[in-house]
Amino acid sequence: MVEDLTGLGFSMTQKLPGEAQLQLTLSESAEDYVWVAEIRHGEAREVVIVSAVRDLVEKAGARKASLTLQRKLVWEQDERILDFALVPDGNAAGASILVVLQPDKIAFYDHRAEAWHLNREIAIPHARPVQRNVGGRIDPQAGTATLVDGVCAGDFQRPETVTCKSVPSAPGADLAMMQGSIVESDAALASTCSGSPLMLSTGSGDWTVRDFIQAYEDKNQREPIAQPIQFPGPILALWPAEDGKTARLVSRNLQTGAYEASIVSVSCGD
Amino acid sequence: MEIGAIIHSLDPAVAAANPEEAGAKGELDALLYDRRSENGDFVGTAGSGPFRLSAWESGKSAVFAANEDYREGRPFVDSIEIQMGRSAHDRVLDLELNKADFAQIPAELARQAADRGVRVSASRPNELLALVFLTGRGTTENVRVREAIARSINRAAIVNFILQKEGEPAGGLLPQWSSGTAFLFSTEADARGAKEIWAQVSPSPKLVLGYDSADTLEQSVAERIVVDAKEAGISLVSRAISASEKANAHGGSEGPTPHSEAIHADARLVRLRMPSPLPSVSLAAFIDRLGPLAGINGSPLPKSASPEDVYDSERSIINGGSVVPLVWLPQVYGLSARVRDWKQPAAGEGWPLADVWLDSTTDVH
């Protein structure tokens with residue numbers, strides 16, 4: 001501040017007896033930024049207050065505080081889950097199909113009587129033994145499920161059209177794995193609260209420890225803007241869903257050993 | 001799953017005579033009612049809030065059941081069982097022994113409770129303990145009398161020794177976090193100045209400082225003020241104000257406005273809890289409450305909610321000398337280990353018991 005004032009032409013001197021003293025305090029109230037100048041001249045004291053409404057900051061803070069992450073467990077099973085997707089059922093209006101991609105097969109489940117029931121599963125042939133660090137991803141819109149050395153394709157809304165085959169693995173096609181988690185452990189979402197995009201990120205632990213998911217304003221700003229969701233084991237895959245507002249997430253429950261498929265959503269909470 | 005909460009006696013007759021317990025009653029009303037009017041009163045039907053009253057034994061116990069149809073969703077807990085009339089020490093003991101999941105703890109016991117392993121949650125300081133010179137007393141008409149007593153008070157000692165550092169010295173009517181200008185009001189003791197001012201008072205009166213007979217904190221603070229005053233040569237004694245005396249001062253259980261004439265003291269200690277984090281709202285409420293006691297009915301309300309206007313209004317009351325802020329107290333709650341998602345309520349907010357859940361995997365027994 002001394003430098004700034006000097007730059008503006010003020011000169012700083014030692015305090016002289018009888019001269020007025022000015023004490024500036026930068027403070028803040030529940031609503032405002034408050035600048036307080038106390039001017040003392042002998043016994044006399046004058047207080048001058050200038051305030052600025054923290055409106056913009058408050059609004060940003062309110063938005064941050066009102067963000068809530070929610071997890072909905074969709075499916076769990078003992079066999080490994082690489083990815084999953086919920087797609088409309090092309091044979092039954094208003095119904096959904098759960099697609100679960102595993103290292104050696106892709107399964108389609110119908111929702112009946114409050115539960116998912118296996119409709120169809122298709123084996124995925126491999127040119128080589130399945131790797132421990134196998135990864136895979138479903139693209140419901142394109143109608144593909146891709147592994148390093150296999151692919152399934154068809155209309156996922158009509159499982160009977162889907163077929164799987166082995167393919168040669170292209171150089172660099174392996175989904176890189178690091179510390180037991182897929183490198184792409186962020187998912188960009190369009191916020192339902194402000195319109196600004198959000199970044200969901202997992203923790204950095206390996207797959208022997210519990211994990212969490214956290215929301216950030218962007219990838220570079222590491223100031224979380226919502227309470228994290230804790231998971232009872234590592235998060236193995238995190239992808240933005242097709243609606244842009246939710247993310248699909250695969251984790252492993254270290255207590256039960258089961259693999260869990262979940263949908264993570266963001267709500268404004270007000 | 002049930003959550004047990006232990007709080008003060010909430011007998012309505014007692015609550016009317018004791019603003020503190022009336023405050024606790026307000027906390028319970030916040031669980032029962034969905035909406036408040038503009039002046040903060042609960043409106044609508046009891047049971048429209050997150051809970052419904054399913055049992056009530058006056059002065060002893062109550063059970064609140066989750067409202068399945070609550071507009072903002074059913075609470076996580078099924079019911080809240082409330083035991084009334086437990087002393088502060090018993091409430092801490094109940095938490096220690098896992099007989100309760102939630103209890104209010106007096107600020108002065110917070111450190112002790114934490115040392116004994118109780119999980120403690122404290123708010124920002126939002127309750128003011130103040131000394132009020134009662135209106136209509138010839139003894140305190142002289143501004144020098146009021147100033148001498150005000151200067152003699154060692155607030156730091158009250159915070160450090162009586163409150164065990166669970167509070168802050170208060171110089172203004174609003175805390176720093178709310179107004180941003182509290183630092184402009186001095187909280188320093190000035191025994192020498194008090195002695196000099198008191199020497200100018202002739203004849204020097206004998207003064208009585210009243211405190212709530214049921215409030216051990218007020219008693220300790222009053223006794224400390226008497227010691228400080230004596231060191232400055234001021235003749236001041238403390239006196240307990242009984243519940244019946246307070247009830248008379250309130251004009252019976254129906255009248256909310258206290259009449260200071262009915263209290264046999266020259267000054268008394270008063271607790272003021274902020275109804276809102278907003279400084280202008282809280283200051284207006286304090287002026288409304290203190291007006292009939294301290295004769296500051298004519299004090300100007302803040303012209304606007306700006307820090308400048310709030311400070312001007314606050315300063316005019318403090319300079320009048322009828323109200324001497326002493327300390328700021330936080331709201332302290334004890335929680336069992338299995339309580340999850342507890343969020344400390346802000347000033348004026350009710351207990352967020354609809355949002356907490358109990359972790360059944362946590363072994364508390």
- request: Take every residue in peptide A:19-26, count the Cβ atoms of other chains within 10 Å of its Cβ, and give the average of those counts.
  value: 1
task: First compute the accessible area of region B:285-365 with a 1.4 Å probe, then give the percent of it belonging to carbon and sulfur atoms.
output: 49
statement: Of the listed pairs A:Lys72/B:Lys343; B:Lys165/B:Lys303; B:Lys206/B:Lys303; B:Lys165/B:Lys343, those with alpha carbons more than 27 Å apart are B:Lys165/B:Lys303; B:Lys206/B:Lys303
- request: Could you sort A:31-39, B:221-229 so that the peptide with the highest average Cβ count within 10 Å comes first and the rest follow in order?
  value: B:221-229, A:31-39
task: Provide the per residue accessible area, probe 1.4 Å, for region B:61-163, rounded to a whole number of square angstrom.
output: 42
query: To the nearest whole number, what is the average tally of beta carbon atoms from other chains within 10 Å of the beta carbons of peptide B:179-185?
result: 6
- request: Take every residue in peptide B:276-284, count the Cβ atoms of other chains within 10 Å of its Cβ, and give the average of those counts.
  value: 2
message: Let me check I've understood the local charge: for B:Arg111, count other residues with C-beta under 15 angstrom from its C-beta, Lys and Arg +1, Asp and Glu -1. What total comes out?
response: -2
- request: Report the antiparallel proportion of the DSSP beta bridges in chain B as a percent, rounded to a multiple of 5.
  value: 70
message: Rounded to the nearest 10 Å², what accessible area does A:Leu73 have for a 1.4 Å probe in the complete protein model?
response: 80
statement: Per the helix-only model, chain B has a calculated mean residue ellipticity at 222 nm (DSSP H runs of ≥4, -39500 (n - 2.57) each, divided over all residues, rounded to the nearest 500) of -9500 deg cm²/dmol
message: Principal axis extents for chain B, Cα atoms only, whole Å, descending order, please.
response: 67, 42, 39
query: Based on the Kirkwood radius over alpha-carbon pairs, what value in µm²/s does the Stokes-Einstein equation return for the translational diffusion coefficient of region B:43-199 at 25 °C and 0.890 mPa s?
result: 124
query: Rounded to a whole number, what % of the accessible area of region B:115-172 do carbon and sulfur atoms account for, probe 1.4 Å?
result: 42
task: Calculate, in nm to one decimal, what A:Met12 and A:Ala188 gain on full extension: separation in residues at 0.36 nm each, minus their alpha carbon distance.
output: 58.2 nm
- prompt: Based on the inverse mean of 1/r over its pairs of different Cα atoms, what is the Kirkwood hydrodynamic radius of region B:193-236, in Å?
  reply: 11.3
- request: Mind grabbing the interface size between B and A? I mean buried accessible area, both sides, 1.4 Å probe, in Å² to the nearest hundred.
  value: 1100
- request: Rank these residues by their accessible area, most exposed first, probe 1.4 Å: B:Arg271, B:Arg119, B:Arg71, A:Arg248.
  value: B:Arg71, B:Arg119, B:Arg271, A:Arg248
field: Options B:Gly298, B:Gly320, B:Pro125, ranked by Cα towards positive dipole end of chain B, top entry (Cβ charges)
entry: B:Gly320
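The values are calculated or read from the model by the stated rules, or taken from the named source; none is laboratory data. A quick note: this is a predicted structure, and the numbers were derived from the prediction, not measured. Neighbour counts run over all protein chains shown; Cβ positions are idealised from the backbone, glycine included. These accessible areas exclude ligands, DNA and RNA; they are computed on the full protein's heavy atoms, side chains included. Shrake-Rupley method; radii C 1.70, N 1.55, O 1.52, S 1.80 Å.
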